[in-house]
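Participant: The structure follows.
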Amino acid sequence: MHEETEAVVDDKLGFIQKVINTGDYDVAVKESCTLFEMVFKKIFQQAIVSLPYKDREEILQTERKVGKGKKGVQDFTFGELVGLLRESNLLDKWSKYTAKDLGLIKTLDYSSIVNLRNRITHDGMSCSRGEANIVYEYLRNLLAVLGFADLDESINLSFKKREAVPIDSIPSTIDGENKDGKDLSINDRLPKIIKKSKYKSVYSSTYGNEGSRLQIQADNVREFDLKAFDKIIEQSKDKTNLLGLDLGCASGDITIDRFGKYDQFEHVIGIDINPTKINEAKEKNSNKNRFSFYEMDIESEQFEGNMQDILSSIGNRKFDVIFSALTIHHLSNPLKALFKLRKLLNKGGFLILRGSDDGTKFAFPDEQNLVQSLVYLTSDVQGVSDRQNGRKMYYQMWRSGFRNIELKYSIKDTSGLTMEDRHALFQESFAYRINYFEKQLNSDPQNKRYQEEYQWVLDALEELELEFLNESFFYAETDFIAIGRK
Ligand SMILES: C[S@@+](CC[C@H](N)C(=O)[O-])C[C@H]1O[C@@H](n2cnc3c(N)ncnc32)[C@H](O)[C@@H]1O
């Protein structure tokens, strides 16, 4: 099949070139269009097996719309194929999914080619050499992007998600020059570093209504957090002078509430990167001398030195318990941060992490599939945190040297909740997502995709909010706690 396709393409390209040379420009355009049709159908077929679910759904919906529900893509005319490509944004979806630069082929004006062919085929008009040449060049451009050598294989490969550079593609010379004496760029000489730590989020605990959302969230998980604290306090039996740390403490409410419940804590330090939140924490708690708050970035070079200064001022101690809720998924390198935390713990000391995971969120009936679609779109928005943090906590703790790791789960759902609580759950889990899309749009206000995504999320949130207020609507999600020991 592959060889057959290649032979057809080869044959046709040769033929088109020949007829251009002999002055049969109309034939050249018609033959080019037949080849375009074949390639577009193959691209479509590959797209609906390779692209993410939501993209595939959109493409299939457009196919139904363009074919008026009566015919499928295989029976589409050239004009219909071009319409399908344009209306489904297939080329945009493809280049976004594969991170492949589709070069010119995304911007080529295929509608003019359709018009040209219609003029020749239906209106009995002729085209010029220039027009035939342009169409032929468009076609060659498309084939070049696809790799052409073997069309089926090329289209298949073109839809592969971006991956690491294979090791055997690294040139053996690493002295900066290739065999022809030409300078090689760093990417040619060394393996491309695929950064695993890619999640450094643009999150800010002072953006929009984030303060009140955090408060709702804190109330919702109070019992769950206390189960973890009860457990470690029980295991720290006789100790009455424990030193605690809360990483990502924001304005300190959770710090005071959770640690404050246990007299065993002699002193607790809260740290956060956000200066406004730390100032709030200091102001609110100036009378509580068991607690102190510092503006600190755990990922900064100065962190360890600054923390050491604080610890020196309280007798060179180390921590007995470190707690961190919903924070490590905002970091660009959570493992490195966890290593740092481990160093700060006494032997036998505890780390309690609380996280969440978008994969645990589901609803019924959600006829417009809003929950999954919002989750899907958020996973990819500029500057988003790691939305799948919950499932990674065990691994992250183990990799950074913690042992006796224990996982706890708490499922929140809408059943039996009051209207106010249902609304609070909506706000906690969904409403804030618009912030990411707003920031993305602000970074490039003319960007059409950013505009569309922002508007879509705004509309979807409005609809979903109404769903949450419907008492028969069911929504559930899971919170995760991992307790590890040094
Ligand atoms: C989602 S909030 C959680 C706040 C609080 N722990 C809670 O559960 O309500 C995440 C917090 O982590 C803080 N944070 C983010 N990156 C940080 C970093 N590199 N160092 C310290 N704090 C950070 C943010 O400023 C924010 O207050």
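The values are calculated or read from the model by the stated rules, or taken from the named source; none is laboratory data. Everything numeric in this text was worked out from a predicted model, so none of it was measured. Counting neighbours? That spans all protein chains shown, and the Cβs are built from the backbone with ideal geometry, glycine included. Surface areas here come from the heavy atoms of the whole protein model, side chains and all, with no ligands, DNA or RNA. Shrake-Rupley method; radii C 1.70, N 1.55, O 1.52, S 1.80 Å.
Participant: What translational D, rounded to a whole number of µm²/s, comes out for region 210-485 from Stokes-Einstein when the hydrodynamic radius is the Kirkwood one over Cα pairs, at 37 °C and 0.692 mPa s?
Facilitator: Numbers: Rh = 19.9 Å.
Diffusion coefficient, whole number: 165 µm²/s.
Participant: Another question, if that's okay. Determine the principal axes of the Cα atoms in region 363-402, then give the extent along each, sorted from largest to smallest and rounded to whole angstroms.
Facilitator: If we take the Cα atoms of region 363-402, the spans are 45, 26, 7 Å.
Participant: Take the Cβ-Cβ distance between Val8 and Glu137 as r, set R0 to 25 Å, and report the resulting FRET efficiency rounded to the nearest 0.05.
Facilitator: E(calc), rounded to 0.05, equals 0.80.
Participant: Another one. Taking the square root of 5 times each eigenvalue of the Cα gyration tensor, what semi-axes in Å does the equivalent ellipsoid of region 2-158 have, largest first?
Facilitator: With the √(5λ) rule applied to region 2-158, the semi-axes are 26, 19, 13 Å.
Participant: Given region 302-372, what whole percent of its Cα pairs are spread farther than 15 Å?
Facilitator: For region 302-372, the fraction of Cα-Cα distances above 15 Å is 67 percent.
Participant: Using only alpha carbon positions, build the gyration tensor of the chain, then give the equivalent ellipsoid semi-axes as the square roots of 5 times its eigenvalues, largest first, whole angstrom.
Facilitator: So the equivalent ellipsoid measures 57, 28, 18 Å along its semi-axes.
Participant: Over 19 Å between Cα atoms: which of Lys71/Lys106; Lys361/Lys412; Lys239/Lys318; Lys392/Lys439; Lys231/Lys277; Lys106/Lys439 fall into that group?
Facilitator: Numbers: Lys71/Lys106 26 Å; Lys361/Lys412 10 Å; Lys239/Lys318 14 Å; Lys392/Lys439 26 Å; Lys231/Lys277 29 Å; Lys106/Lys439 26 Å.
Distance filter (> 19 Å) returns Lys71/Lys106; Lys392/Lys439; Lys231/Lys277; Lys106/Lys439.
Participant: Round to a whole number: what % of the accessible area of the chain belongs to carbon and sulfur, probe 1.4 Å?
Facilitator: With neighbouring chains kept in place, the figure for the chain is 49 percent.
Participant: Please work out whether region 384-486 counts as rounded, prolate or oblate from its C-alpha gyration tensor, where a ≥ b ≥ c are the square roots of the eigenvalues and a/c under 1.5 means rounded, while otherwise a/b larger than b/c means prolate and anything else oblate?
Facilitator: It comes out oblate by the Cα gyration axes.
Participant: Over region 210-485, average the accessible area per residue using a 1.4 Å probe and give it in Å², no decimals.
Facilitator: 46
Participant: Treating the angle as unsigned and between 0 and 90°, give the value, to the nearest 10°, between the Cα long axis of helix 78-87 and the longest Cα principal axis of the chain.
Facilitator: Tilt of helix 78-87: around 20 degrees.
Participant: Something else about it: With the cut-off at 1.5 for a/c, could you classify region 439-480 from its C-alpha gyration tensor as rounded, prolate or oblate? Mind showing how you got there, number by number?
Facilitator: Details: a/c = 4.71, a/b = 2.07, b/c = 2.28.
Oblate, because a/c is 1.5 or more while a/b does not exceed b/c.
Participant: Which peptide among 350-357, 90-97 comes first, and what is the full order, when sorted by highest mean count of other Cβ atoms within 10 Å? Numbers along the way, then the final one.
Facilitator: On the way: 350-357: 24.5, 90-97: 18.0.
Averaged packing, sorted descending, gives the order 350-357, 90-97.
Participant: Would you list Val371, Val8 from the most to the least accessible area, probe 1.4 Å?
Facilitator: On the way: Val371 0, Val8 60 Å².
Result of the area sort, largest leading: Val8, Val371.
Participant: Could you tell me which trypsin sites (Lys or Arg not before Pro) in region 201-278 are loop residues by DSSP with no more than 16 other beta carbons within 10 angstrom of their beta carbon? Don't jump to the answer; show the numbers that get you there.
Facilitator: On the way: sites: Arg213, Arg222, Lys227, Lys231, Lys237, Lys239, Arg258, Lys261, Lys277; in loops: Lys237, Lys239, Lys261.
Those satisfying the criteria are Lys237, Lys239, Lys261.
Participant: What aspartates and glutamates could a cross-link reach from Lys68, if we take a straight Cα to Cα line under 17 Å and drop same-chain neighbours fewer than 8 places away?
Facilitator: Glu57, Glu58, Glu80, Glu87
Participant: Further question on the same structure: With every protein chain kept in place and ligands, DNA and RNA left out, what is the accessible area per residue of region 2-158? Probe 1.4 Å, answer in Å².
Facilitator: It amounts to 49 Å² per residue over region 2-158.
Participant: In straight Cα distance, which aspartates and glutamates are under 14 Å from Lys237, not counting same-chain residues fewer than 8 positions off?
Facilitator: Leaving aside aspartates and glutamates fewer than 8 places away in the same chain, those within reach of Lys237 are Asp263, Asp320.
Participant: On a 0 to 90° scale, report how tilted helix 25-50 is relative to the longest principal axis of the chain, with both axes built from alpha carbons and the result rounded to the nearest 10.
Facilitator: It works out to around 30 degrees.
Participant: Okay, next question. Treating only the Cβ atoms of Lys and Arg (+1) and Asp and Glu (-1) as charged, compute the dipole magnitude of the chain about its Cα centre; round to the nearest 20 debye.
Facilitator: For this selection, approximately 1520 debye.
Participant: For the ranges 34-43, 304-313, what's the packing order if you count other beta-carbon atoms within 10 Å of each residue, average per peptide, and put the highest first?
Facilitator: Details: 34-43: 18.6, 304-313: 13.4.
Ranked by mean Cβ neighbours within 10 Å, highest first: 34-43, 304-313.
Participant: If you fit an axis through the alpha-carbon atoms of helix 303-313 and take the longest principal axis of the Cα set of the chain, what angle between them do you get, 0 to 90°, nearest 10?
Facilitator: Taking Cα atoms only, the helix is inclined about 0 degrees.
Participant: Gain in length, Ser201 to Asp309, computed as 0.36 nm per residue apart minus the alpha-carbon separation, to one decimal in nm?
Facilitator: That pair, Ser201 and Asp309, stretches by 36.1 nm at full extension.
Participant: Would you be so kind as to identify which of Pro445, Asn241, Pro365 lies farthest towards the positive end of the dipole of region 210-485, taking Lys and Arg as +1 and Asp and Glu as -1 on Cβ and the Cα centre as origin?
Facilitator: In region 210-485, that residue is Asn241.
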